[in-house]
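Derivation of every value follows stated rules applied to the coordinates shown; laboratory data play no part. It should be emphasised that the depicted structure is a prediction, and the values quoted were computed from it without experimental measurement. Glycine gets a Cβ as well: all are built from the backbone with ideal geometry, and neighbour counts include every protein chain shown.
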Amino acid sequence: MELIDGNQIASAIIAELKAEVANLKGRKPCIALVRVGNDPASLSYVAKKEKTAAEIGLTSRIILPPETVTQDELFALLDQLNADPAVDGILVQSPLPKHINEVAVFRRVSPTKDVDGFNTLNLGKIAQEDETGFVACTPAGIMELLKRSNVDLKGKHVVVVGRSLIVGKPVALLALQKKAGANGTVTVCHSATANLPAITRLADVLIAAIGRPEFVTADMVKPGVVIIDVGINRLPDATKKSGFRLVGDVQFPTVSKLASKITPVPGGVGPMTVAMLMQNTVKAYRLQTAH
C-alpha cells in the first residue's frame with residue numbers, strides 16, 4: 001500500500017508557483033479573502049490561505065464584514081471587488097450566516113475572478129471542457145493528486161460517493177473529460193443509491209466525499225483499489241489534547257490493507273485545496289493581464 005502524501009504534493013505545487021510568481025514583471029497576483037463573522041474554522045482556513053499566499057509572493061486582501069452584514073451589503077462589496085482591476089481572485093469563505101444565500105453569493109463573484117470555481121459559468125465550463133474556466137479547488141486537487149501519483153483514469157471505473165456541488169459533481173465531470181489523465185468511466189453514488197456496496201466494490205478508483213465518518217469499510221472495496229478520501233470528520237477522543245480526532249469518510253485501518261494507494265486524513269486532500277486556490281489565483285492574474 002502506498003500513501004498518497006498530500007502535504008508533499010501540495011508543497012511541490014507551492015514551490016512551482018513561488019518560482020513562477022518570482023519571474024512576473026510588475027504587480028503581483030492579488031487574492032481578496034472575504035470572511036463573514038468569526039466562525040472558528042473559517043478563521044483558521046483564511047489564516048492558512050493568507051500565509052500560503054504570502055509564501056508564494058501573492059498579495060492578499062482580507063475583508064471582514066460583520067456577522068450582521070445583509071445580503072445586499074455583501075453583494076455591493078463583491079461588486080466593488082469585481083470592478084477592481086488590482087484584484088485577480090475573490091474567495092468568499094463558507095459557511096456564511098444563515099440569512100445569506102450561499103449560492104447567490106457564489107454567483108455574484110465575477111466568473112473571471114472566481115478562483116473558488118463555484119460560479120455557474122465555471123461549473124458549466126468543466127462540462128464543456130473549456131480550459132479558461134476555474135475548477136473548484138478540492139476536485140482540482142484530487143485530479144492533481146492522482147496525476148502526480150501516476151494514477152491514469154483512462155479505462156478505469158471511477159466511483160464517486162457523494163454528489164455535492166463542491167466535490168462530487170465537479171470531480172465526476174473532470175474524471176469523464178476527454179484528456180490526458182482522465183477518460184474514466186464514472187459512477188456517482190449518493191444517499192438514494194440502492195445496494196451501494198455492490199457498486200463501490202466495482203471501483204478501480206473510489207472517491208469518498210459523503211461527509212460521514214468512516215462510512216466506507218473494507219467489505220465495500222476490492223483489493224488493489226485506489227482511494228481518495230475527501231472527508232474531514234471530528235470524532236470525540238478523550239486521549240487527544242483537543243478532545244477529538246480527525247477521520248475521513250473511509251475506515252482507514254481496515255481499508256488501507258486492501259488499497260494499492262490511499263490518501264490519509266489529515267494530510268491527503270486537505271493541503272491540496274489551498275495549493276489549487278493559489279494556482280487558480282495565478283491563472284486568474286494571467287487571464288486578466290493578457291487582455
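Some values worked out for this structure:
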{"quantity": "Which of 31, 190, 83, positive extreme of dipole for the chain (C-beta unit charges)", "calculated": "190"}
{"quantity": "Cβ-defined net charge surrounding residue 20, 12 Å radius [Lys, Arg +1; Asp, Glu -1]", "calculated": "+3"}
{"quantity": "For the stretch 25-110, alpha-carbon Rg relative to the globular expectation (2.2 N^0.38 Å, N residues)", "calculated": "1.08"}
{"quantity": "Within-11-Å neighbourhood charge of residue 267 [Cβ basis; K, R +1; D, E -1]", "calculated": "-2"}
{"quantity": "With Cα atoms, 0 to 90° folded angle of helix 71-83 axis to the chain main axis", "calculated": "70 degrees"}
{"quantity": "0 to 90° range, to nearest 10: angle between helix 6-22 axis and the chain longest Cα axis", "calculated": "30 degrees"}
{"quantity": "Top of 118, 215, 244 by mean-square fluctuation, Gaussian network on the chain, Cα under 10 Å", "calculated": "244"}
{"quantity": "Residue of 237, 229, 116 that the Gaussian network model of the chain assigns the largest fluctuation, springs spanning Cα pairs under 10 Å", "calculated": "237"}
{"quantity": "Karplus-derived HN-Hα couplings along the stretch 147-164 (A = 6.51, B = -1.76, C = 1.60, θ = phi - 60°), whole Hz, x at Gly and Pro", "calculated": "4, 7, 9, 6, 9, 8, 7, 4, x, 8, 8, 9, 10, 9, 9, x, 10, 5"}
{"quantity": "Proximal charge balance of residue 289 [Cβ under 10 Å; K/R count +1, D/E count -1]", "calculated": "+2"}
{"quantity": "Proxy reagent accessibility, fewest Cβ within 10 Å first, across 227, 142", "calculated": "227, 142"}
{"quantity": "Dmax and Rg, reported as Rg then Dmax, of the stretch 199-291 (C-alpha, Å)", "calculated": "16.8, 56"}
{"quantity": "Gyration tensor (Cα) of the stretch 138-182, equivalent ellipsoid semi-axes in angstrom", "calculated": "17, 11, 9"}
{"quantity": "Amide H partners (placed H, <5 Å) of residue 245, local residues excluded", "calculated": "235, 237"}
{"quantity": "Above-threshold pairs, the threshold being 26 Å between Cα atoms, out of 169/283; 113/156; 169/222; 18/48", "calculated": "113/156"}
{"quantity": "Long-range HN-HN contacts of residue 216 with modeled amide H, under 5 Å", "calculated": "250, 251"}
{"quantity": "Debye log10 I(q)/I(0) for the stretch 167-219, one point scatterer per Cα, at q = 0.22 Å⁻¹", "calculated": "-0.92"}
{"quantity": "The stretch 74-132: radius of gyration over Cα atoms, expressed as a fraction of 2.2 N^0.38 Å", "calculated": "1.14"}
{"quantity": "Dipole magnitude of the stretch 25-110 about its Cα centre (Cβ charges: Lys, Arg +1; Asp, Glu -1), debye to nearest 20", "calculated": "380 debye"}
{"quantity": "Residue 61 long-range amide H proximity, modeled H, under 5 Å", "calculated": "31, 32, 33"}
{"quantity": "Considering only the stretch 137-270, percent of DSSP beta bridges that pair antiparallel, nearest 5", "calculated": "20 percent"}
{"quantity": "Note, ³J(HN,Hα) from phi for the stretch 128-142, Karplus 6.51, -1.76, 1.60, rounded to Hz, x at Gly and Pro", "calculated": "8, 6, 8, 5, 6, x, 10, 8, 3, 5, 5, x, 4, x, 4"}
{"quantity": "More than 23 Å apart - percent of Cα-Cα pairs taken over the stretch 137-270", "calculated": "27 percent"}
{"quantity": "Dmax and Rg, reported as Rg then Dmax, of the chain (C-alpha, Å)", "calculated": "19.1, 57"}
{"quantity": "Karplus 3J(HN,Hα) series, Hz, for the stretch 202-214 with 6.51 cos²θ - 1.76 cosθ + 1.60 (x for Gly, Pro)", "calculated": "7, 6, 7, 10, 10, 10, 9, 9, 10, x, 10, x, 6"}
